[in-house]
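The values are calculated or read from the model by the stated rules, or taken from the named source; none is laboratory data. Given the structure is predicted, the values throughout are model-derived calculations rather than measurements. Every residue, glycine as well, gets a Cβ built from its backbone with ideal geometry; the counts of neighbours run over all protein chains shown. The area values use the complete protein model at the heavy-atom level, side chains included, leaving out ligands, DNA and RNA. Shrake-Rupley method; radii C 1.70, N 1.55, O 1.52, S 1.80 Å.
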Amino acid sequence: TETTLREGFDELEKLHTGFLAGLQVVCSDMWKPFLKVIRQRCSQALNVLDPFHVAKHLNEALDTVRRGEQAKLTDKAARKQAKGGRFLLLKRGTKVRGLARQKLRAVLASLGQTSRAWELKESFRRFWLYRSPTWAAAYLREWTARAMRSRITPMKKVATMLRKHEDLLLNYFRAKRQYTNAMVEGMNHKARVSLARSYGHRSFKVLKLVLYHNLGDLPEPPCSHKFC
């Protein structure tokens, strides 16, 4: 939350005087409270929007289109053809090979609107390959124009959101494409897995130790107990 981020910044400032003033780059998602606090507390830093979260919005929009269109199918053959295609659609197109590729083609053939949304999702990957902010901005405007002309409501919403955050999106290229939240997202995933396995822990202290071991890859003793 906004309050949590403010408290985190305050703690960092207590530990290291002048920490916020020394920040040069801050990587975040497009959540308004985060952008607001970053703008207020470290306005001199370049606020980079993380590609992972942009891809997440595109995937959610695509899945919304797929669910809506698949629910309207009345032909049994078409429904069978479209079944089981969710994760293939969300996966990067270049990573789908062999029999999975054939299945993906069948799903796209049976769902016309979903096929157009999938093409928009896949084509946006080109945006992150540019090096110049000027050329990246030109491609972003061309892509959002295509998304708006598609008349696919979920994709139009994403296009509108990206237009509103165009300047922040271009900060990724101004920072030489060196900053993402990939490491933090990986640690978050490890933390969630640790929490899912935490049944039986009787105190937060034990859970904290488990998180330290999983996230920090700390050495473990050869035996759990002295009598082992």
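Whenever a residue of segment 1-27 is among the basic types (K, R), its partners that are modelled with pLDDT of 90 or more, lying with C-beta atoms within less than 9 angstrom and at least six residues away or across chains, give the pairs R6/V37; R6/Q40; R6/R41. Of all the residues in segment 165-220, those that are in contact with a helix residue (DSSP H, G or I) (Cβ under 8 Å, 6 or more places away or on another chain), in a helix (DSSP H, G or I) and touching a residue at least 60 places away in the same chain (Cβ under 8 Å) number 6. The set of residues in segment 146-171 being of a type in the set (A, V, I, L, M, F, W, C) and open to solvent by 60 Å² or more (accessible area, probe 1.4 Å) consists of M148 alone.
The set of residues from segment 40-69 being among the acidic types (D, E) and part of a helix (DSSP H, G or I) comprises E60, D63, E69.
For Q81, indicate whether it is among the polar types (S, T, N, Q), open to solvent by less than 80 Å² (accessible area, probe 1.4 Å) and in a helix (DSSP H, G or I). In short, yes. Taking only pairs six or more apart or across chains, which ones have beta-carbon atoms under 7 Å, a first residue in segment 127-144 that is open to solvent by less than 60 Å² (accessible area, probe 1.4 Å) and among the aromatic types (F, W, Y), and a second residue that is at pLDDT 95 or above and in a loop (DSSP other than H, G, I, E, B)? Listed by first residue and then by second, the contacts come to Y139/Y130.
Enumerate the pairs (first residue in segment 87-114 and surrounded by 15 or more Cβ atoms within 10 Å (Cβ to Cβ); second residue anywhere and among the hydroxyl-bearing types (S, T, Y)) with beta-carbon separation below 9 Å, excluding pairs fewer than 6 apart on the same chain, so at least 6 apart or on different chains. Final answer for the pair search is L89/T114; V107/T114; V107/S115; L108/T114; L108/S115; Q113/S150.
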